[in-house]
Amino acid sequence: MKAVTEGALLWQPSGERIEKAGVTRYRKWLEKEYGLAFQRHQDLWKWSVDQLETFWQSI
């Protein structure tokens, strides 16, 4: 069994998988409907916790 070092990337989805993901469709919908654009998933997550009411309304 291969040892894993702390902080090592274990897996990364392909571009095709990212493009077909539900969260990608949601990000595109937010951009179209709310004028919101997120460069990274972490940015979307931060918005979702900082803007709880708007996030839940969008869901």
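Results, tabulated for the structure shown:
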{"read-out": "Residue count for the stretch 1-26, restricted to those that are over 14 Å from HIS41 (Cβ atoms) and of a type in the set (Lys, Arg)", "value": "2"}
{"read-out": "Single residue of ILE18, ILE59 found to be open to solvent by 100 Å² or more (accessible area, probe 1.4 Å), at pLDDT below 95 and in contact with a helix residue (DSSP H, G or I) (Cβ under 9 Å, 6 or more places away or on another chain)", "value": "ILE59"}
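Here's the yes/no breakdown for (1) part of a helix (DSSP H, G or I); (2) touching a residue at least 24 places away in the same chain (Cβ under 8 Å); (3) open to solvent by 100 Å² or more (accessible area, probe 1.4 Å); (4) polar (S, T, N, Q):
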residue	(1), (2), (3), (4)
GLU6	no, no, yes, no
LEU9	no, no, yes, no
THR24	yes, no, no, yes
ARG27	yes, no, no, no
ALA37	no, no, no, no
ASP43	yes, no, no, no
LYS46	yes, no, yes, no
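The values are calculated or read from the model by the stated rules, or taken from the named source; none is laboratory data. These numbers come from a predicted model, not from an experiment. Note that each Cβ is placed from the backbone with ideal geometry, even for glycine, and that neighbours are counted across all protein chains shown. Accessible surface is based on the protein model in full, side chains and every heavy atom, while ligands, DNA and RNA are left aside. Shrake-Rupley method; radii C 1.70, N 1.55, O 1.52, S 1.80 Å.
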